[in-house]
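Below is one structure, written out as structure tokens; the observations come after it.
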């Protein structure tokens, strides 16, 4: 059967490593949409941080944001949400009270972060190409733990940034053992991200398929990171770019060139050729 919906991760997949959208990928997305295919941006970013280069494409009519915690249409209207449970947020805060972490919080499509991260993003693992994005897309606070606590019943998701691999994985392992009701994943090396257990990209894709009355078997998905693996596995056609993580590559039935070699454009051509 032909593919009627294509869900695309952004950073590391549709976007190049310099945080830009290539002409070839933009043209391919518009070509796919022109053929009648629904194009869905499916990102770990909150809606307010979505690249304008992507939102401006006429073919992108829906956005899965915050790793599946929210779904928006192209006007920005929130169609669906799965917020963090208050009890899970309190568990996170309690279990990390002795750890000095850089926390970020996603709420109503906006991002708030520790001022230390805004002052020196590179120190915490940000690549130079993303410095302007980080500083332009986040509000800064001195006490992120207090902000998370005060908004514990309203959060799409939270994450911590930690460039020390040993510390990052030690804390993640503890949280995986001792928390309930959470989906824990990573969209890039230095981040550990927390959503409600029902807020995944695959769950969001399934909801959108029901909303649009498109069989899941007639979908395709492409990504590059651990947070894309479940979406790739559940789609009718699962693809990973060549620069993808191991879990993402294992979930995919097809590998296309990397994000810096217009892999999404190659995928679109293959889908349109059947």
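Residues that are surrounded by fewer than 24 Cβ atoms within 10 Å (Cβ to Cβ), in contact with a helix residue (DSSP H, G or I) (Cβ under 7 Å, 6 or more places away or on another chain) and more than 15 Å from residue 186 (Cα to Cα) within the range 216-236 comprise 216, 220, 233, 234, 236, listed in sequence order.
Screening 247, 187 for residues that are outside the structural domain of residue 42 (by TED's automatic domain parsing), within 21 Å of residue 69 (Cβ to Cβ) and either crowded, with 16+ Cβ neighbours inside 10 Å or over 16 Å from the mean Cα position of the chain (by Cα) (or both) leaves exactly one candidate, 187. Scan the range 190-220 for residues that are part of a loop (DSSP other than H, G, I, E, B) and either assigned by TED's automatic domain parsing to the domain that holds residue 180 or in contact with a strand residue (DSSP E or B) (Cβ under 8 Å, 6 or more places away or on another chain) (or both) and jot them down. Correct list: 190, 197, 198, 199, 200, 214. With respect to (1) within 17 Å of residue 46 (Cα to Cα); (2) free of Cβ contacts under 8 Å to residues at least 24 places away in the same chain, the lone exception for residue 188 is condition (2).
It is to be established whether one or more residues within the range 233-245 are in a helix (DSSP H, G or I) and modelled with pLDDT of 95 or more.
Of the range 233-245, the ones in a helix (DSSP H, G or I) are 233-234.
Those still in the list that are modelled with pLDDT of 95 or more too: 233-234.
Yes.
Among the residues of this structure, residue 225 counts as one that is assigned by TED's automatic domain parsing to the domain that holds residue 41 and under 30 Å from residue 123 (Cα atoms). If you go through the range 124-172 and pick out every residue that is loosely packed, with under 14 Cβ neighbours inside 10 Å, touching a helix residue (DSSP H, G or I) at 6+ places or on another chain (Cβ under 8 Å) and modelled with pLDDT under 95, you end up with 1. Within the range 246-274, the residues that satisfy the criterion of being in contact with a strand residue (DSSP E or B) (Cβ under 9 Å, 6 or more places away or on another chain) and either at pLDDT below 95 or in a strand (DSSP E or B) (or both) are 254, 255, 256.
The values are calculated or read from the model by the stated rules, or taken from the named source; none is laboratory data. Here the structure is a predicted model, which is why all the values come from computation and not from measurement. Reconstructed Cβ throughout: ideal geometry from the backbone, glycine too, with neighbour counts over all protein chains shown.
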